[in-house]
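Enquirer: Before anything else, here's the structure in question.
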Amino acid sequence: MKAILLLADGTTFEGESIGASGTTIGEAVFATAMTGYQEMLTDPSFAGQLLTLTYPLVGNYGVNPQDVESGKIQVEGFIVRELCEEPNNWRSNMTLREYLTRGGIVTMQGIDTRALTRHLRVSGVMMGAMSTELTVAELKNNLDSAPNYGDLNFVERVSTKQVYEWTGDECSTLNECPEPKCHVALIDLGIKRNIARCLAKEGCRVTILPCNATADDVLKVNPDGVVFSPGPGDPRRLTDTVAAMRALIGKKPILGICLGHQMFGMAMGGDIIKLKFGHRGANHPVKNIINGKVSITSQNHGYAVDPDKLSSDAEVTRINLNDGTVEGLRHKHLPIFSIQYHPEASAGPMDEGYLFKEFVDNVLTAL
């Protein structure tokens with residue numbers, strides 16, 4: 001079955017459908033990781049986006065129950081150069097084609113993903129529409145009438161609706177989790193499960209709260225520390241979350257990850273900028289300007305903190321070596337820090353996994 005991708009600037013690509021039939025609209029982006037397609041597909045930070053993978057062959061190790069990062073596939077659409085139809089891996093229980101079809105995801109292969117990636121790098125990410133059933137003219141009408149990516153609150157879509165305790169069922173993948181030595185509130189702006197796993201591995205009892213939790217809601221569960229998770233969409237829409245973080249500053253140790261980092265930047269007076277094509281992949285170099293250490297990190301974001309208006313109580317701790325954007329912040333006097341990348345990886349390198357221990361050490365010191 002034929003599939004068509006139409007970008008907002010009129011650029012079109014035609015390929016073969018390898019997922020569900022239908023039509024979908026989202027922000028067209030690309031990710032440079034060579035592995036981890038299942039983790040990327042289920043990462044809530046990709047909600048509202050048409051994800052293109054730059055690695056040319058995808059699906060060669062199939063799909064398994066262990067590598068999901070949320071309860072469902074989160075992307076709006078998926079684009080690859082070539083799909084592997086005969087995966088070979090001892091953990092695989094279905095093919096990627098079966099997974100995408102069952103998940104209702106419009107997917108296409110057979111296009112020049114290198115050309116698409118270069119186009120998005122030059123022109124910037126933009127809205128796009130994919131269809132197995134409409135003509136280009138019909139698709140253009142749908143795309144023209146669709147809201148822009150930044151106009152929608154995707155965090156409300158992906159966040160939990162109620163408070164719950166992380167059970168630690170997945171701890172077997174990290175050996176056994178230790179007995180809890182502290183209690184952490186994790187604000188769900190679009191969490192990946194591996195964040196909760198990493199906190200549990202460091203000895204945290206984790207209570208997960210919805211994105212609309214106020215500072216009073218957080219304090220009612222009586223945590224020893226608070227983590228603001230990654231998530232999708234334009235951070236400037238989350239004024240209530242910024243207010244909640246601002247109210248918690250000085251009351252509890254805080255860690256912000258990705259979108260949570262942007263919340264901290266805004267709470268400390270910083271502005272937000274939209275990047276031309278974002279950082280998505282598992283090979284992004286970050287320099288710690290405090291100690292000079294360089295790490296390779298997993299990233300998935302299209303916005304960054306502009307440090308020009310930051311409060312004098314905040315300082316930049318890390319920068320991206322590709323474009324110089326802010327990758328880390330900390331409070332000068334309080335046990336609060338944030339990072340723009342994903343220390344929990346999934347997929348990607350675990351160079352910065354030690355930051356969970358650093359946060360827990362801050363929490364234990366404050367007790």
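The values are calculated or read from the model by the stated rules, or taken from the named source; none is laboratory data. Note that the structure is predicted; figures quoted are calculated from it, not measured. Heads up, the Cβs are rebuilt from the backbone with ideal geometry, glycines too, and the neighbour counts pull from every protein chain shown.
Enquirer: Do we have Glu165 as in the same structural domain as Asn194 (by TED's automatic domain parsing) and touching a Ser or Thr at 6+ places or on another chain (Cβ under 6 Å) here?
Expert: In short, yes.
Enquirer: Same structure again: Would you pick out the residues in segment 61-84 that are among the acidic types (Asp, Glu), part of a loop (DSSP other than H, G, I, E, B) and touching a strand residue (DSSP E or B) at 6+ places or on another chain (Cβ under 7 Å)?
Expert: Hit for segment 61-84 is Glu76, nothing else.
Enquirer: Okay, next question. Check whether at least one residue in segment 211-222 is touching a Phe, Trp or Tyr at 6+ places or on another chain (Cβ under 7 Å), modelled with pLDDT of 95 or more, crowded, with 23+ Cβ neighbours inside 10 Å and within 30 Å of Val29 (Cα to Cα), and report yes or no.
Expert: No, the conditions are met nowhere in segment 211-222.
Enquirer: Look through segment 211-255, keep the residues that are in a loop (DSSP other than H, G, I, E, B) and polar (S, T, N, Q), and return whichever of them is nearest to Ala47 (Cα to Cα).
Expert: Filtering first and then ranking leaves Ser229.
Enquirer: Which residue is surrounded by the most Cβ atoms within 10 Å (Cβ to Cβ), if the candidates are limited to segment 133-151 and must be hydroxyl-bearing (Ser, Thr, Tyr) and farther than 14 Å from Glu76 by Cβ?
Expert: Only one residue tops the list, namely Thr135.
Enquirer: Based on this model, can you work out whether Val360 counts as in the same structural domain as Ser229 (by TED's automatic domain parsing), under 30 Å from Gln38 (Cβ atoms) and surrounded by fewer than 17 Cβ atoms within 10 Å (Cβ to Cβ)?
Expert: The answer is no for Val360.
Enquirer: When the residues of segment 324-356 are narrowed to those that are without any contact (Cβ under 8 Å) to a residue 40 or more places away in the chain and either in a loop (DSSP other than H, G, I, E, B) or in contact with a helix residue (DSSP H, G or I) (Cβ under 6 Å, 6 or more places away or on another chain) (or both), which ends up surrounded by the fewest Cβ atoms within 10 Å (Cβ to Cβ)?
Expert: Among them, the one singled out is His333.
Enquirer: Take the residues of segment 97-123 that are of a type in the set (A, V, I, L, M, F, W, C) and under 14 Å from Ile79 (Cα atoms): which is surrounded by the fewest Cβ atoms within 10 Å (Cβ to Cβ)?
Expert: Among those that are of a type in the set (A, V, I, L, M, F, W, C) and under 14 Å from Ile79 (Cα atoms), it is Ala115.
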